[in-house]
Every structure is written in C-alpha cells, then in structure tokens.
Amino acid sequence: MKIEQIINKCKELSFDLDFSYAKNWKQEKPNRILVGFMPVYFPRELVHAANGLAIGILGSGDRKQIIKGDAFYQSYICHIPRGIIELALDGNLDGIDGFIFPSICDVIRNLSGMFKVLKKGAFIKYLDYPQNFSDKTGGTFYINELKHVLSEITKINGAEVTDEMLWNSICLYNKNRELIEEIYDIKQQYPWRLSMEDLYHVLRAGMVMPVEEHNRILEEVLDSINANIGEPMDKIRVVVTGAFCEQPPIGLIKTIEMAGCYIIDDDFLSGSRWIQGNITTDDSNDPLEAISRAYLTRSRFSASVYSIGDKKGKSLVSLARRRRADGIIFAAPSFCDPALFDAPMLQKECDGSDLRYISFQYSENTGQYKVIKEQVGAFSDSIKLWEEPVINN
Ligand code: SF4
C-alpha cells in the first residue's frame, strides 16, 4: 500500500467514533474481547495476552454534538468526559466488553462512577496507579491491580493467560514503542518529511487496531520517511506539552504547523509513548513484575503522575534540548487541573534555562483558531528574527 493510502486509512480509523474496525475484528473469531481504556496510559499488553484488543477512548473530539453529556457535568471542567458520556449514551461504545479508567484526576474517577450508574460493559475498573515508586510498596500494589484487571478480562472470555503469552505481548508492544520513537527521531532531524497531522493520525489509529497490524503500518511509515522527501521550510521547531489527556482538535495541530512551527515532540496520545524504552524482558521471571517495574522506573513525565521534587520541569527542558527545539508551546485543555497546576512550575524551569514559550488553552471541540494562529505566528517570528538559530546536524 502507498504511504498516502496508509495515512488515509489511519485518518478514517482514528476518528471512527463507532470503533467499527475493532468491532469487526472481534467478530472474526470466537472469544475475542474489546476493552476500552480512557487516557492516559494503560498497559495494553494485558488485554492482548487475553485474546483481546485494548481500544483508546479519547473523547469525541469535534466530531459529535454534545447534548446529553452536558447534563452530566458542571460547566467548569474539561470537555472530554462529556464527549465520552455522549458516546456511551448514543450506543457508540456498545460491543465493548469492559472499561478501564486509569487514575488521572477526579474527572476520570467520576466518569468511572457514571459508567457504573449507566451499567456499561461487563466490568468497569478504576485503575489506581502507585504513588510510591519502590518495587516493594508501589510495585506490589500495582501488580495486584494488574492481576485484578486480568481476572476481570478473563472472566468474560475464559482465556487462560500464561507467562509466555504475556511476554509475547510485551515484545510486540516493545516493538511498537521502538518504531514510534524511531519515527520521532527522524522527524526531529527532518520534520518536513512527515507532518504532525499525519503522524497524529498514524498513532491514533494504533489505539483501535491490533498491535501486529499497527507495527506493520509504522514500518511502512518509517520506510517512507527514511527517503529524502520534501523540502525544509523556514519554521521554528517546538515541543508541545500539556495535551496528554483531552486531545487537541486536528485543526489546532494543523494551525500550529501552518503558523510557522514544526512540532518535533509532544505529549499527544502519550499512552502509546508512556514507557520510555523497552519493558525489559531479561531481568525478571514474572511479566507482570516487568510491566510494573517499567511503570515505576521508565514512565514519561506527565502532569498526570506524581513526581517527587521538581523533576518534571527538568525533564521538559532536557527533552527540548535533546530535540533541539527552539521553543515550547504549553497547550492545555481548558479546566484541566493537572496540566494547568503544573504549567507554572514547568515554565519557571524554562525561564531559568532561557527557553522561549507561549501558552494557550483549547478544548477538543474548539473550532476557531484565528487567535491561536496569530499567537503562534508571532512566537515563531520572534524566534526567527531575534534568536540564535538552533543548528540542526
Ligand atoms: S483533561 Fe485534565 S482534567 Fe480533564 S480528564 Fe483529562 S486530566 Fe482530568
């Protein structure tokens, strides 16, 4: 398949609010199940090993009019739970067997309660992540949580999950993470070869298809951008941060790039890039322990995770330096407490490191980009005109 066809397919799949591709996959063979998970991170390996497909439920974006969802929530919180409730009430999520709500914030906690009230799926699990990062305390707690998730899944289809099956799933997702990072590395050097809009669709489609198939797609994309295609444009290079949960509309991503920026790193769809590097397969006999240790020691920095000390600011600056970014864009969903509470701390670190930044807020159904375009355009111009260029070699 040609790269344009692959990207078009990803475009279609990533915003199919009926999750038809995943539902068709389930129908093809007996005992397959679908497990929906909300942002941000969930170890999809568990579902894969149990003959299932974990699908990311990332809100309704700007593709659905919200009517009933507004009745469930007060006006001063973010938009994503309204979109998800609307999907649930309109039947878009029918056929999904269970739902995982990773602990991110109170909004997601309440959403899991609403799903219980609405009696959606055969199980609803609010998945608590450890706040203590030692193997003995946080690790033991997390492994028990993972065992509980597995038992809920296997109650539905009776799958017997062996260690070997879990290791196999871990290897497939390790491959997935490796390929994605390789794409980002090439994009850092040659950002004109793949727009952020296209990459976003490719990654988002990976949230609704089997990992084996997604790995093949990523390999094709990699092959394509390894070729010398396109011409560099006079744009600055930015890292976008704060968009780890409620996703920005595609129009906003396009606006940032059209206003004079190459997005060379970001925290969109951060679940697919959560574990930094591989889950190690050689220092443990227990795959759940390996998944847990990777979470405790190799999670990416995020406002949705507690961190001791001021590490997140340093991590952001170091990411920007590693990517040779000219500046940072803080783009957070309106009313997103985790992102907005962290922003001043991160910005202080940028101030201390002479990294330029701007910030704005969005909602998944934002439809007007004029003000953002002007703001980003002015940011890009100010760096191009008055800053020392970053040498890309
Ligand atoms: S966008 Fe922010 S406030 Fe809303 S559910 Fe996600 S993390 Fe919570």
*Report, in degrees rounded to the nearest 10, the 0 to 90 angle that the Cα long axis of helix 287-298 makes with the longest principal axis of the chain.*
20
*asked:* For the chain, report the % of Cα-Cα distances exceeding 39 Å.
replied: 13
*Loop-located chymotrypsin sites (Phe, Trp or Tyr not before Pro) in region 303-360, at most 14 other Cβ atoms within 10 Å (DSSP)*: Y306
*Would you list which lysines come within 19 Å of K314, measuring only between C-alpha atoms, while excluding same-chain residues fewer than 8 positions from it?*
K348
_Two decimals, Cα atoms only, Kirkwood Rh: what is Rg/Rh over region 17-159?_
0.98
*Within straight cross-link reach of K370, meaning Cα distance under 18 Å, which lysines are found once same-chain residues fewer than 8 apart are removed?*
K254
*Choice from Y295, Y21, Y184 showing the highest fluctuation, given a GNM over the chain with Cα pairs closer than 10 Å*: Y21
_Give the separation of the Cα centroids, region 250-268 to region 101-120, in Å._
31
*If we restrict to alpha carbons, what Rg and Dmax does region 169-208 come to, in Å?*
11.0, 33
*asked:* If I fit a long axis through the Cα atoms of helix 311-322 and take the longest principal axis of the Cα atoms of the chain, what angle between them do I get, 0 to 90°, rounded to 10?
replied: 60
*Under 26 Å Cα-Cα from K136, which lysines qualify once same-chain neighbours fewer than 8 residues away are excluded?*
K125, K147, K311, K312
*asked:* What do you get for the angle between helix 80-89 and the principal long axis of the chain? Use alpha-carbon atoms, 0 to 90 degrees, nearest ten.
replied: 40
*Computed [θ] at 222 nm, helices only, for the chain once each DSSP H run of length n ≥ 4 contributes -39500 (n - 2.57)*: -15500 deg cm²/dmol
*asked:* Within 10 Å, at most 15 other Cβ atoms, and a DSSP state outside H, G, I, E, B define an exposed site. Report the longest part of the chain free of exposed GluC sites (Glu not before Pro).
replied: 161-386
*Tell me, what is the percent relative contact order of the chain, built from C-alpha pairs under 8 Å that lie six or more residues apart?*
20
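Bear in mind these aren't lab numbers, they're just calculated from the coordinates by the rules spelled out. What you see is a predicted model, and the numbers here were worked out from it, not measured in a lab. Positions of Cβ are generated from backbone atoms using ideal geometry, with glycine treated the same way; all protein chains shown enter the neighbour counts.
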